[in-house]
Each structure stands twice: as structure tokens, then as C-alpha cells.
Amino acid sequence: MARILVYEDDESLSILFQQIITSSGRICKVVSTPQEISSEAQTAQYDMFLIDMQNILHILVLNVLAMLMILLEKSNIYSPIQS
């Protein structure tokens, strides 16, 4: 049975996707945040991902910001300057 992960932040569309996909005999998991889609994709195996294209930019921006925060933390930029 096919497993489909849907990333949709609109609750009405989430319900619609869930109903359509499950009525066709497939397993559907709907998530509404980039953190949820990342976590779900790492913990379960899916045959297909459906992602609202408007959310792609949101995911990319958050990933870049997370990467920058890691780099800043590792480079000690926030450390006070000592003389």
C-alpha cells in the first residue's frame, strides 16, 4: 500500500487531501510545518511527497537560516571580544 506524505499548511486543503488519498486506498500523513515534514521524512518511509509549491520557499529559507545559525555558533561569533 502506497504511503504519501503531504505538506500543506491550509487546514481545509489538508482535510481534502487526506480524504482523497485515503479513499483511493493509500496511506496519507499530512503535516503543516517544515519541521514536521523533515521529522516525518526521517522517521518513516514514503512512496510520494506532495508539497505545496508556495511552501517550498519557506522550507528553503528555514533550512538556510538553520545552517547559518549552526555556522555562527561553531565560529564563536557571539563570543565577547576579550582584550
statement: Selection from the range 1-52 of residues surrounded by 12 or more Cβ atoms within 10 Å (Cβ to Cβ), among the hydroxyl-bearing types (Ser, Thr, Tyr) and under 17 Å from the mean Cα position of the chain (by Cα) yields Tyr7, Ser14, Ser32, Thr33, Ser38, Ser39, Tyr46
task: Scan the range 27-83 residue by residue and report those that are modelled with pLDDT of 85 or more and among the acidic types (Asp, Glu).
output: Glu36, Glu40, Asp47
query: Would you pick out the residues in the range 14-45 that are more than 19 Å from Asn63 (Cβ to Cβ) and either in contact (Cβ under 8 Å) with a residue 24 or more places away in the chain or assigned to a loop (DSSP other than H, G, I, E, B) (or both)?
result: Phe17, Ser24, Gly25, Arg26, Ile27, Cys28, Lys29, Val30, Ala44, Gln45
query: From the set of residues in the range 1-13 that are touching a Lys or Arg at 6+ places or on another chain (Cβ under 8 Å) and farther than 23 Å from Asn63 by Cα, which is modelled with the lowest pLDDT?
result: Met1
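The values are calculated or read from the model by the stated rules, or taken from the named source; none is laboratory data. Everything quoted here is computed from the prediction, not taken from an experiment. No Cβ is skipped: glycine too gets one built from the backbone with ideal geometry, and neighbour counts run over all protein chains shown.
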